[in-house]
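Since every read-out is calculated from the coordinates, none of them should be taken as a lab result. Quick caveat: nothing in here was measured; it's all calculated off a predicted structure. All Cβ positions, even for glycine, are placed from backbone atoms using ideal geometry, and neighbour counts span all protein chains on display.
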Amino acid sequence: MSNDYRFSFGPWNISEGADPFGPPVRPSIPMAAKLKRYQELGFEGVQLHDDDVIPDVDDKSAAELDKEAAAYKSILDDEGLVPEFVAPRLWESKKGIDGAFTSNDENCRRWAIDRSKRAIDIANTMGTKLLVLWLAREGTYIREAKDALQAHRYLIDAINQLLEYDKDLEIIIEPKPNEPVDHAYIPTIGHALALAHQTCDPKRVGGLIETAHAQLAGLDPSDEMAFALAAGKLWSVHLNDQNGLKFDQDKTFGSANLRSAYNQVRVLELSGYAQTGRFVGLDVKAMRTQKPEQALKHLVNSKELFLHLVEKVRSFPHEVQEQCVANRDYEALELAVLNHLMGV
Ligand code: GLO
Ligand code: MG
């Protein structure tokens, strides 16, 4: 098995199984117990929201934030874990009901920037310079609710303020086309990188591709990754899977479309992603049906599937690829890929 990739997931990926139609079905697991599981599951990186590190971030003083972040960091150190990034969780606060950076309410927009600065402070104490922005509620349910032109200006202005706040900070935009809002303003990596280039320091703004988010936009995740890689801007990935155009399912990587998973791994392999030291993040959810003792399998299985596919990419016969491409015989190439994946 290949072991040169570094893997991460977030504590929210160990969940209690609640969905919009029903309450939790598994007992909640304390943060310290979750962190204990990382190493044994073969994970080194921890994806973090600001309030995963410190509950009630908004109500704490700067000194309290620093103290609590340092305490959390020392737990990570003891467990041999690395924080991959910190992300401000702007979408759960009442202030962010109608969007955060693009809210129509000036006070809410100001809060969103202040809260993100708190997340940057936490990231600094934790020892990561990466801030992920998943722009969850930056969009609308009806077009007339906001001035979209102005909303994009707000986004650029907010990112500029964060870049100016910390000169070492790197911002990673995680695009998603919908859910929770009907129409999100930054739906794809093309939008994210175009936005990055309008900021005051484009070289410190990159992107993160999540499989399901690309699929929800009707796009091929491996091509979305290639687009970001070509620009030197693929700074993380959230691998998972999605069974068609439904709610964001966060299924086990490769479970709905193995061929698509193979191509995502292929593009990462061809680009030398493992050698960049950046993480392969998983953003996967256990099925609601899983009993507590089975509710970590989605993580282990996703990682194992990824590593098997790395081997599949590495062992694909190059000469077959070359001959088929030279002959423009893509039927033969397709069959060779499918046979290789099936092991025949
Ligand atoms: C939801 C997103 C979410 C983010 C996480 C990090 O659809 O994928 O899980 O990745 O909040 O910001
Ligand atoms: Mg994600």
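The chymotrypsin sites (Phe, Trp or Tyr not before Pro) of region 232-268 that meet both conditions, a loop assignment by DSSP and at most 13 other Cβ atoms within 10 Å of the site Cβ, are F247.
Around V300, what is the net charge, scoring Lys/Arg as +1 and Asp/Glu as -1 over all other residues with Cβ under 11 Å from its Cβ? Don't jump to the answer; show the numbers that get you there.
Numbers: positive: R37, K297, K303; negative: E40, E304.
Overall, the nearby charge balance is +1.
For V181, V284, V320, which order do you get if you count the other beta carbons within 10 Å of each Cβ and list the fewest first? Don't skip to the answer; put the middle values down first.
Working: V181 20, V284 25, V320 16.
Result, fewest neighbours first: V320, V181, V284.
So which chymotrypsin sites (Phe, Trp or Tyr not before Pro) in region 1-96 are both in a DSSP loop and have at most 14 other Cβ atoms within 10 Å of their Cβ? Numbers along the way, then the final one.
Details: sites: Y5, F7, F9, W12, F21, Y38, F43, Y72, F85, W91; in loops: Y5, F21, F43, W91.
Here the sparse-neighbourhood loop sites are F21.
A straight Cα-to-Cα reach below 19 Å connects K36 with the lysines K73, K285, K297, K303, residues fewer than 8 places away in its own chain not being considered.
Can you work out the FRET efficiency for the pair Q39 and Q321, with r the C-beta to C-beta distance and R0 = 56 Å, to the nearest 0.05? Please list the in-between numbers first.
Details: r = 37 Å, r/R0 = 0.67.
Calculated transfer efficiency: 0.90.
From the square roots a ≥ b ≥ c of the eigenvalues of the alpha-carbon gyration tensor of region 129-288, which class results: rounded (a/c under 1.5), prolate (a/b over b/c), or oblate?
On the way: a/c = 2.03, a/b = 1.20, b/c = 1.69.
Since a/c reaches 1.5 but b/c is at least a/b, the shape of region 129-288 is classed as oblate.
The ranking of M342, M225 by Cβ neighbour count inside 10 Å, starting from the fewest, reads M342, M225.
Express as a percent, rounded to the nearest 5, the fraction of DSSP beta bridges in the chain (both residues included) that run antiparallel.
On the way: 4 of 31 bridges.
DSSP beta bridges in the chain are roughly 15 percent antiparallel.
Residues whose amide H comes within less than 5 Å of that of V132, counting only those at least five positions distant or on another chain, are V86, A87, I172 (H built at 1.01 Å from N in the peptide plane). Among D283, D166, D19, the largest mean-square fluctuation in a Gaussian network model of the chain, built with springs joining Cα atoms closer than 10 Å, belongs to D19. The eigenvalues of the Cα gyration tensor, multiplied by 5 and square-rooted, give region 50-142 an equivalent ellipsoid with semi-axes of 26, 14, 10 Å from largest to smallest. Each residue of region 76-82 was assigned a 3J(HN,Hα) from its phi angle through the Karplus expression (A = 6.51, B = -1.76, C = 1.60, θ = phi - 60°), giving 4, 4, 4, 8, x, 10, 10 Hz with x at Gly and Pro. Restricting to DSSP loop positions (anything but H, G, I, E, B) with no more than 12 other Cβ atoms inside 10 Å of their own Cβ, which trypsin sites (Lys or Arg not before Pro) remain in region 171-263? Counting only loop positions with at most 12 other Cβ atoms within 10 Å, the trypsin sites (Lys or Arg not before Pro) in region 171-263 are K246.
Dividing the summed -39500 (n - 2.57) terms of all DSSP H runs of n ≥ 4 by the residue count of the chain sets its mean residue ellipticity at 222 nm at -14000 deg cm²/dmol. By the count of other C-beta atoms within 10 Å, a proxy for reagent exposure, K73, K297, K94 are ordered fewest to most as K94, K297, K73. Every Cα-Cα pair in region 202-253 was counted, and those over 18 Å apart are 30% of them. Once the gyration tensor of the Cα atoms in region 238-330 is diagonalised, the equivalent ellipsoid follows with semi-axes of 29, 16, 12 Å, ordered largest first. Solvent-free Debye calculation, one equal scatterer per alpha-carbon of region 6-316: log10 I(q)/I(0) at 0.07, 0.09, 0.13 Å⁻¹ equals -0.25, -0.43, -0.95.
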